[in-house]
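Inspection log for the structure reproduced underneath, given as structure tokens.
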Amino acid sequence: MKKQQKIEALFDEMIAGIDAGDIIPYAANTCFKDGDIIDHPKFGVGKVLSCITPNKMQVQFREGERILVCVLSNGKD
């Protein structure tokens, strides 16, 4: 299996069973936390892997990882 196919297969496993109601539309001014499932207008559905200070997050999309701008969770969610 090629590297990209492996990434896509792992992503499919990662989001299997996610309810559509749990997906948060992406906006740079939205607060996200690790584990959130987002819907980006260009990249599609992704899972927040980690929040990176001061205002970025690492997100796994089907095509690969991206760093996106966001508002970090204050930990009180």
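The values are calculated or read from the model by the stated rules, or taken from the named source; none is laboratory data. What you see is a predicted model; the values in this text were computed from it and never measured. Glycine gets a Cβ as well: all are built from the backbone with ideal geometry, and neighbour counts include every protein chain shown.
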Starting from the stretch 7-18, take each residue that is in contact (Cβ under 8 Å) with a residue 24 or more places away in the chain and list its partners that are charged (D, E, K, R) and exposed (fewer than 15 other Cβ atoms within 10 Å of the Cβ), counting only C-beta distances under 9 angstrom and pairs at least six apart or across chains. ILE7/GLU63; ILE7/GLU65; GLU8/GLU63; PHE11/GLU63
Could you tell me which residue of the stretch 25-43 is modelled with the lowest pLDDT, considering only residues that are surrounded by 15 or more Cβ atoms within 10 Å (Cβ to Cβ) and outside any loop (DSSP other than H, G, I, E, B)? PHE32
Residues that are under 18 Å from GLY64 (Cα atoms), hydrophobic (A, V, I, L, M, F, W, C) and part of a loop (DSSP other than H, G, I, E, B), drawn from the stretch 1-24: MET1, ALA16
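LYS76: exposed (fewer than 11 other Cβ atoms within 10 Å of the Cβ), modelled with pLDDT of 95 or more and either not in a helix (DSSP H, G or I) or not basic (Lys, Arg) (or both), yes or no? First the steps, then the outcome.
On the way: exposed (fewer than 11 other Cβ atoms within 10 Å of the Cβ): yes; modelled with pLDDT of 95 or more: no; either not in a helix (DSSP H, G or I) or not basic (Lys, Arg) (or both): yes.
For LYS76, the condition - exposed (fewer than 11 other Cβ atoms within 10 Å of the Cβ), modelled with pLDDT of 95 or more and either not in a helix (DSSP H, G or I) or not basic (Lys, Arg) (or both) - is not met.
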